[in-house]
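Shown next, in structure tokens, is the structure this report addresses.
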Amino acid sequence: MSNPLQDPDFFRNPYPTLAALRSASPVQRMPSGGGRSSYVVTGYAEARAAFTDPRLSKDTAAFFAGKDTGRNLHPAVSHSMLATDPPRHTRLRSLVTKAFTPGAVARLRPYITRVTDELLDAWVPGEQTDAIASLAVPLPVAVICQLLGVPDADRAAVRAWSNDLFAAGQPERIDSASHAVAGYLADLLAAKRRTPDESLLDDLIRARDGEDRLSEDELVSLAVLLLVAGHETTTNLIGNGLLALLQAPESLRRLRDEPDLIDTAVDEVLRYDSPVSMATFRFATETVSLGGTEIPAGCPVLIAPGAANRDPARFPAPDRVDLERDTRGHLAFGHGIHRCLGAPLARAEGGIAFRRITARFPGLRLAVPGAELHWRHTRLMRGLEALPVLP
């Protein structure tokens, strides 16, 4: 039995494969190498249920205990908050939630708008530019680095390490990047202890050193997670969303004429081409029946938000952009206790980016046919390597 999720065409356009899997069964077993298998969840109802099922654990340390994986991931990456269950997960998440409340995001909006306009100032009408390299990457990197207090000079390295962490099929590259980013943040945290400021990292240091609610390993791990997850999803939201709108000219025209629809558009493109193709690892702690399929205890479970968000049972005519669609309940940010805590910030950045682009460049168009675009070779994230446009 072959695994269609490992086919090269899957990275270019996963949706026909995901639709075929979902049509056959919303939950099914897939080979994952070495004689092992995992279960992939592609149906909307089943994915939503799986996200909240406490029998599907995220405690990867427990799963891999005593197993020789042959990997050398830094513990700050392999044992992050994403890889924990309550009560530890609850404690860790509570320490960073306040940074992403609507009020906190509202205070960042002027900064996001200023950075967006500064980046768009470099776009020359009629001159081709790469919207990924010139906007979708630097905007969220600047915002999360501003929030965490990462110096400007280090931002290119941060992006490179993050990109390497999601390199599918290249474990050595991933492992090396995990040590590089964890080492960098350990050094940055030490520097902030010597010269504190008012960044989110300083808040976490105070939680560690004052209340002793964080171990040193947990502090570094949270810093890594915030830095990497804080921009990866948003980069893909902006890139995927802009491409979706450019390929749906009627919707793009509506946004130019009705900018109040921007927030609706953000959620629709999140649903249409989700930045996270496959959610991070879970495993069954006991036998679980899901979507008519029995998942044995100890088996890995992969939830596919990109597939669930195109389930016609939940979203009719899912393969087109529709600004009239009710997108409530889409799973682009996950669901349940592990739902992306940075979702309000990602929405704000995407909305501001689309608003400023449509206002400043009403004639924006793709510079190459869509079939010539290249997508990142990663199963977790869904994102473009480049997006050539003509302002």
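The values are calculated or read from the model by the stated rules, or taken from the named source; none is laboratory data. It should be emphasised that the depicted structure is a prediction, and the values quoted were computed from it without experimental measurement. Virtual Cβ from ideal backbone geometry, glycine too; neighbours counted across all protein chains shown.
Tabulated data
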quantity	calculated
Identity of the residue in the stretch 1-21, in contact with a Lys or Arg (Cβ under 8 Å, 6 or more places away or on another chain) and of a type in the set (A, V, I, L, M), that ends up farthest from ARG320 (Cα to Cα)	LEU5
Cβ pairs under 8 Å, 6+ apart, first in the stretch 277-304 and without any contact (Cβ under 8 Å) to a residue 40 or more places away in the chain and closer than 26 Å to GLY66 by Cβ, second among the acidic types (Asp, Glu) and part of a loop (DSSP other than H, G, I, E, B)	ALA297/GLU286
Failed criterion for VAL301 (all others in (1) buried (at least 19 other Cβ atoms within 10 Å of the Cβ); (2) part of a loop (DSSP other than H, G, I, E, B) hold)	(2)
Per-region count, the stretch 62-109, residues assigned to a helix (DSSP H, G or I) and polar (S, T, N, Q)	4
Residues of the stretch 114-141 classified as surrounded by fewer than 16 Cβ atoms within 10 Å (Cβ to Cβ), under 27 Å from LEU225 (Cβ atoms) and in contact (Cβ under 8 Å) with a residue 40 or more places away in the chain, total	1
Residue that is under 28 Å from ASP267 (Cβ atoms), surrounded by 21 or more Cβ atoms within 10 Å (Cβ to Cβ) and over 17 Å from the mean Cα position of the chain (by Cα), where the choices are LEU148, LEU242, LEU201	LEU148
Considering residues of the stretch 223-274 that are among the hydroxyl-bearing types (Ser, Thr, Tyr) and touching a residue at least 60 places away in the same chain (Cβ under 8 Å) only, the residue nearest to PRO369 (Cα to Cα)	SER251
Identity of the residue in the stretch 348-373, under 17 Å from the mean Cα position of the chain (by Cα) and of a type outside the set (A, V, I, L, M, F, W, C), that ends up surrounded by the fewest Cβ atoms within 10 Å (Cβ to Cβ)	GLY351
Output for the stretch 374-386, where each listed residue is surrounded by 17 or more Cβ atoms within 10 Å (Cβ to Cβ) and either more than 18 Å from the chain's Cα centre (by Cα) or charged (D, E, K, R) (or both)	ARG376, ARG379, ARG382
Some residue of the stretch 326-336 being closer than 21 Å to ALA83 by Cβ, part of a helix (DSSP H, G or I), at pLDDT 95 or above and not acidic (Asp, Glu)	yes
Near pairs, Cβ below 9 angstrom, 6+ apart or cross-chain, from the stretch 55-70 (closer than 17 Å to VAL301 by Cα) to any residue that is of a type in the set (Asp, Glu)	ARG55/GLU286; SER57/ASP85; LYS58/ASP85; ASP59/ASP85; ALA62/ASP85
